[in-house]
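One structure below.
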Amino acid sequence: MKVLPTVAWVLGYGGLIPFFVLAVLVLLGNEFLPQDITTSQLALWLAAYAALILSFLGAVHWGVVLGMQDKLSDVEARTLLIYSVTPSLLAWFCLLLPINTALLSMALLIVAAYLADRLLLLPKLNSNYAVLRLRLTIIVSLLLVAASVGQIV
């Protein structure tokens, strides 16, 4: 098994920073924010960031097809390419929902994207990417759920 480069781990965990900061600020409430920023705005920013990350997760499948064209069957390549656009389309739809529903939906999509990776992508990769994906999925989904609940309360 190939080990992911250190930069992949650093970038992966670094990508958690906006999730953590925004979710914590949403949970802390308006009294900790400047007057011109509301928790509703922060929740929207969090949902938008989640949508960007979901688009990235789908694009990983596109990149695997490009990098492994000689190793994938036509059916495998077609499946990965069709799936690759699904997370971004679903995330865009979620942005149209009420914010607490959008955040909860994004959390579910993050988990679904991990399950899709387990099924479609990870068996084709000979690396510890699965470990990174699982850890990031757990943290991100919990932060999104917490922020969603924070918008209800």
With every protein chain left in place and a probe of 1.4 Å, what is the accessible surface of residue 92, to the nearest 10 Å²?
150 Å²
Residue 132 to residue 45: extension gain in nm, 0.36 nm per residue of separation minus the Cα-Cα distance?
28.9 nm
Pop the C-beta distance of residue 52 and residue 73 into the FRET formula with R0 = 25 Å and round what comes out to the nearest 0.05.
0.20
Per-residue HN-Hα couplings for the stretch 117-122, Karplus 6.51 cos²θ - 1.76 cosθ + 1.60 at θ = phi - 60°, whole Hz, x for Gly and Pro?
4, 4, 7, 9, 10, 4
I need the phi-derived Karplus couplings for the stretch 53-62: 6.51 cos²θ - 1.76 cosθ + 1.60, θ = phi - 60°, integer Hz, Gly and Pro marked x.
5, 4, 5, 4, 4, x, 5, 4, 5, 4
Calculated on alpha-carbon atoms, Rg and Dmax of the chain in Å:
16.7, 56
With only helices counted (DSSP H, runs n ≥ 4, each -39500 (n - 2.57)), the per-residue ellipticity at 222 nm for the chain, to the nearest 500, works out to -25500 deg cm²/dmol
Restricting attention to the alpha-carbon atoms of the stretch 95-146, what are Rg (one decimal) and Dmax (integer), both in Å?
12.5, 40
Given a 1.4 angstrom probe, what's the average accessible area per residue across the stretch 1-148, in square angstrom?
56 Å²
Could you pull out every residue, at least 5 positions away or on a different chain, whose amide H is within less than 5 Å of the one on residue 127? Hs are placed 1.01 Å off N in the peptide plane, and Pro or chain starts have none.
2
When all protein chains stay in place, what accessible area (Å², nearest 10, 1.4 Å probe) is found for residue 138?
90 Å²
Phi to ³J(HN,Hα) by Karplus 6.51 cos²θ - 1.76 cosθ + 1.60 over the stretch 28-40, Hz, x for Gly, Pro
6, x, 5, 5, 9, 10, x, 4, 8, 10, 10, 5, 5
Hey, any idea what the orientation-averaged projected area of the convex hull of the stretch 55-144's Cα atoms comes to, in nm²?
5.6 nm²
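The values are calculated or read from the model by the stated rules, or taken from the named source; none is laboratory data. Predicted model, so just to flag it, every value in this text is computed and none were measured. Here Cβ is always computed from backbone atoms with ideal geometry, including for glycine, and neighbour counts include all displayed protein chains. With ligands, DNA and RNA removed, areas are computed over all heavy atoms of the protein, side chains included. Shrake-Rupley method; radii C 1.70, N 1.55, O 1.52, S 1.80 Å.
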